[in-house]
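**Student:** Shown below is the structure under consideration.
The values are calculated or read from the model by the stated rules, or taken from the named source; none is laboratory data. Keep in mind that what you see is a predicted model, and the values were worked out from it rather than measured. Positions of Cβ are generated from backbone atoms using ideal geometry, with glycine treated the same way; all protein chains shown enter the neighbour counts.
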Amino acid sequence: SWVYSVSFKHLYQIEIPSVTSVFSVQYPYLPVVDCIYFNGIRLHVESHQHLVSATRGSSVTLPCHYRYEPEPTEPRRTRVKWSWLPANTITSNEAFPLETEVMVAMGNRHRSYGSFRGRVRLRRSAPGDMSLVINELQLNDTGRYRCEVIDGLEDESVTVELEMRGVVFPYNSPKGRYHLNFFGARQVCLDQDATLATLEQLLTAWEDGLDWCNAGWLADGTVQYPITVPRHGCGGRSLAPGLRSYGQKHRLLHRYDAFCFSAAIKGDVYYLSYPGMLNFTEAAQVCATDGGQVAKVGQLYAAWQLKGLDRCDAGWLADGSVRYPIRKPRANCGPKQPGVRSFGFPAPHRKFGVYCYK
């Protein structure tokens, strides 16, 4: 690190603590520049884990430690700032997307911001430990976190990615295929207790076997779809398996489906045993009588993927669709692969069972 001072009249030095050497260069007809070295103590900021996975509603620790080399003989006044770049940040032409402040701390004083207020603290389990503890994790907490340690004119930082364990599922409007612009896609995912999936989440789902030939919006404003078995009409047989991308699309004018991401749920999703079948209105009433509510699509997917829900009975969901979850494929329960089977959006007077959430 350097400190510069400029004089048009004479050469002078600036006294700064921890400065051990000063050299000056003076050229005819040019300003004088004083270049000041720090005393050789270097600040290191490190994290032993650059990717952290967690579940919604839990607590998570993002590691960050700092040290000096060599160790100073006197205590130093350091400040730490944690900032965050959400995973659902829409890509733009900006070289450096704006990060959101999470917490700033110096000594025993600290302050948290926005949706993190009251949910974050520093672990401080040992000298130099500035690890961030986040409580009551929310779906939107995923993204890149930066731990920046500042000591006077020196600062160093390290980043940690936070990902949520969950499941990606395709979703289309009750009106049919390709009726959602970006904002509509984002809203239908929220309505189903989910968020728009990120590219990384869709890639992980593809690696786990997700194969879907309808293109859908992602959180970054791109439109893509995952193919594990190349075939006609899905990019063709000649293309290798992978994510097919349409790139960035106009978020208001263009219309596709959505890929949503749902994480762990606190409650339970269950098929309500009831004598006889129910229309949609009756289904909502019996769930309420049982102390719950009709389950949302994201809740059913999370219960299927993360809690092993397996039921071969079709039931109403809150969006008016009818589905059922299969973990162990068997006769008369659909295809040979595990998945959430869908009957689409039947007329509300049709009779089915119901999945409730409590």
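**Student:** If I filter region 237-264 down to residues being more than 30 Å from VAL294 (Cβ to Cβ) and aliphatic (A, V, I, L, M), which single residue comes out as nearest to the chain's Cα centre (by Cα)?
**Tutor:** LEU243
**Student:** Among what's in region 92-131 and is under 17 Å from the mean Cα position of the chain (by Cα) and loosely packed, with under 12 Cβ neighbours inside 10 Å, pick the residue that is modelled with the highest pLDDT.
**Tutor:** GLY114
**Student:** Here's something else I'd like to know. ALA283: free of Cβ contacts under 8 Å to residues at least 12 places away in the same chain, assigned to a helix (DSSP H, G or I), among the hydrophobic types (A, V, I, L, M, F, W, C) and farther than 23 Å from LEU203 by Cβ, yes or no?
**Tutor:** no
**Student:** Can you pull out the residues in region 265-296 that are under 30 Å from the mean Cα position of the chain (by Cα), surrounded by fewer than 21 Cβ atoms within 10 Å (Cβ to Cβ) and either of a type in the set (Asp, Glu) or at pLDDT below 95 (or both)?
**Tutor:** Result: LYS266, GLY267, ASP268.
**Student:** Scan region 35-86 for residues that are over 20 Å from ASN108 (Cα atoms), modelled with pLDDT of 90 or more and not in a strand (DSSP E or B) and jot them down.
**Tutor:** Those that are over 20 Å from ASN108 (Cα atoms), modelled with pLDDT of 90 or more and not in a strand (DSSP E or B): SER47, HIS48, GLN49, HIS50, SER59.
Yes or no, residue by residue, for (1) under 30 Å from TRP316 (Cα atoms); (2) in contact (Cβ under 8 Å) with a residue 24 or more places away in the chain; (3) not assigned by TED's automatic domain parsing to the domain that holds GLU200:
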{"site": "ALA215", "(1), (2), (3)": "yes, yes, no"}
{"site": "ASP220", "(1), (2), (3)": "no, yes, no"}
{"site": "VAL229", "(1), (2), (3)": "no, no, no"}
{"site": "GLY233", "(1), (2), (3)": "no, no, no"}
{"site": "GLY236", "(1), (2), (3)": "no, no, no"}
{"site": "LEU239", "(1), (2), (3)": "no, no, no"}
{"site": "TYR246", "(1), (2), (3)": "no, yes, no"}
{"site": "LYS249", "(1), (2), (3)": "no, yes, no"}
{"site": "ARG255", "(1), (2), (3)": "yes, yes, no"}
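**Student:** TYR246: within 26 Å of ARG350 (Cβ to Cβ) and either touching a strand residue (DSSP E or B) at 6+ places or on another chain (Cβ under 9 Å) or at pLDDT below 95 (or both), yes or no?
**Tutor:** no
**Student:** OK, next. Can you report the number of residues in region 172-196 which are surrounded by fewer than 24 Cβ atoms within 10 Å (Cβ to Cβ) and part of a strand (DSSP E or B)?
**Tutor:** Counting residues in region 172-196 that are surrounded by fewer than 24 Cβ atoms within 10 Å (Cβ to Cβ) and part of a strand (DSSP E or B) gives 3.
**Student:** Okay, moving on. Taking the criterion of being outside the structural domain of ASP193 (by TED's automatic domain parsing), at pLDDT 95 or above, among the small types (Gly, Ala, Ser) and in a loop (DSSP other than H, G, I, E, B), would at least one residue in region 336-350 satisfy it?
**Tutor:** Checked region 336-350: at least one residue is outside the structural domain of ASP193 (by TED's automatic domain parsing), at pLDDT 95 or above, among the small types (Gly, Ala, Ser) and in a loop (DSSP other than H, G, I, E, B).
**Student:** Next up: Quick check on my filter: what residues within region 136-168 are farther than 17 Å from ALA87 by Cβ and in a strand (DSSP E or B)?
**Tutor:** Listed by number, the residues that qualify are CYS147, GLU148, VAL149, ILE150, ASP151, GLU154, ASP155, GLU156, SER157, VAL158.
**Student:** Does VAL229 satisfy being among the aliphatic types (A, V, I, L, M) and closer than 24 Å to CYS356 by Cα?
**Tutor:** Considered against the rule, which asks whether it is among the aliphatic types (A, V, I, L, M) and closer than 24 Å to CYS356 by Cα, VAL229 comes out as no.
**Student:** Failed condition for TRP304, given (1) surrounded by fewer than 24 Cβ atoms within 10 Å (Cβ to Cβ); (2) closer than 17 Å to PHE261 by Cα, with all others met?
**Tutor:** Of the numbered conditions (1) surrounded by fewer than 24 Cβ atoms within 10 Å (Cβ to Cβ); (2) closer than 17 Å to PHE261 by Cα, the odd one out for TRP304 is (1).
**Student:** Go through (1) over 10 Å from VAL168 (Cβ atoms); (2) out of contact with any Asp or Glu (no Cβ under 6 Å at 6 or more places or on another chain) one by one and return the number of the condition LEU202 breaks.
**Tutor:** Failed condition: (1).
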